[in-house]
Amino acid sequence: MHTFAEIYRARHACSDREFAEEVFRKTLYPHARIFARLIEWLEPNFFAADHRFVDLAGQACTMKDIRIASREYYYDSGNPGWLRQKCYLRTSGQRMKQLAAEYLPEGQFPSTVTKVDPR
């Protein structure tokens, strides 16, 4: 069974790094895209939780796995803060689900997602 990252990279002929960057940008809230590069420049770890989310979602083989990754992201200890929660300067779990649905089956297979080490 293929992962979201494998399927995406095959369809778009892109590298692992390009997958991570494209999915990160596509799942950011639209207004966050405008500020993302500046924020990353000012605070390099600001989007660390978002990048862990993209990595975890990339391992998913079914939409069930994406929902698990989304839950992990929601409860990630690097995800609090006024800018992230109130101003939505972060990725969207709903956007991730919508994007992944274009590539993955719903599936009732056992979960293939493993928790990403936050280091």
Exercise. In the list 71, 37, which residue meets the criterion of being out of contact with any helix residue (DSSP H, G or I) (no Cβ under 6 Å at 6 or more places or on another chain), surrounded by fewer than 21 Cβ atoms within 10 Å (Cβ to Cβ), among the basic types (Lys, Arg) and farther than 27 Å from residue 7 by Cβ?
Worked result: 37
Problem set entry | Unique match (being outside any helix (DSSP H, G or I), modelled with pLDDT of 95 or more and under 20 Å from residue 99 (Cβ atoms)) among 20, 60, 10, 5 | 60
Exercise. Can you name the number of the only condition in (1) touching a residue at least 40 places away in the same chain (Cβ under 8 Å); (2) touching a helix residue (DSSP H, G or I) at 6+ places or on another chain (Cβ under 7 Å); (3) crowded, with 16+ Cβ neighbours inside 10 Å that residue 19 fails?
Worked result: (1)
Problem set entry | All positions within the stretch 37-89 that are over 23 Å from residue 16 (Cα atoms) and touching a strand residue (DSSP E or B) at 6+ places or on another chain (Cβ under 7 Å) | none
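The values are calculated or read from the model by the stated rules, or taken from the named source; none is laboratory data. Since the structure is predicted, the reported quantities are computational estimates derived from the model, not experimental observations. All Cβ positions, even for glycine, are placed from backbone atoms using ideal geometry, and neighbour counts span all protein chains on display.
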